[in-house]
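Scroll down for the structure; my scribbles are underneath it.
Values in this text are rule-based calculations from the coordinates and carry no lab data. Everything quoted here is computed from the prediction, not taken from an experiment. Every residue, glycine among them, receives a Cβ derived from its backbone with ideal geometry; neighbour counts consider all protein chains shown.
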Amino acid sequence: MRSAGSLSVCQLSCEGIDRPNPDVRNPVVSKVTRAWGDNMYKTIMAPVDLAHVERLGKALTTAADLSKHYGIPVCYVGVTATTPGPVAHTPAEFTAKLEHFARAQADKYGLQATAKAYTSHDPAVDLDDTLLKAIAETGADLVVMASHIPGIPDYIFSSNAGYLASHAKVTVMVVR
């Protein structure tokens, strides 16, 4: 409620949240970022499986939103085998497709994006270690990745997202 030209406590605390203005930073967020330095995060790493991009929508949108909010880049990381696969016949072709994907995400969401492709002899076996290596090499301090709907095998074998969340030294946001 407005009273005699002043705002209530609720309106003051919610000002800018309901209708964010990109030219005015939220004072609550500004206090948080100042406490951590310029920004809470410097680089986002978003692992992508180009064979299943249609299942990554929520995670990709979350990474883009965080990128735009903090004004930081996203590095899209993909892992491929040395042998021909469903996405590409060679690691070079895979790299080109991943770079194209990153450019498309940058254009779609209006953010700064890069791509980093990794080659593995057996991505299914090496994926966890490769993603940990990617975190170190990209300098990412936030990982935003998609999960899958858990099933019976997850009680025996951990998911890649679960492994990364448990073993990475950076923040890992798992989006289901």
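At a glance:
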quantity	calculated
Rounded FRET efficiency, nearest 0.05, which uses the C-beta distance separating HIS121 from HIS89 and R0 of 25 Å	0.90
Model label zone, HIS167; criterion: amide N under 18 Å from point 7 Å along Cα-to-beta-carbon; scope the range 113-129	118-129
Charge context of ASP107, other residues only, Cβ under 14 angstrom, K/R +1, D/E -1	+2
Burial ordering of GLU54, GLU93, GLU99, fewest other beta-carbon atoms within 10 Å first	GLU54, GLU93, GLU99
5 angstrom amide H check on VAL143, placed H, neighbours 5+ away	MET45, THR171, VAL172, MET173
Amide H within-cut-off set for GLN112, under 5 Å, with H built and near neighbours excluded	VAL74
Set of lysines with alpha-carbon distance to LYS116 below 23 Å, sequence-local pairs under 8 removed	LYS42, LYS58, LYS68, LYS97, LYS108, LYS133, LYS169
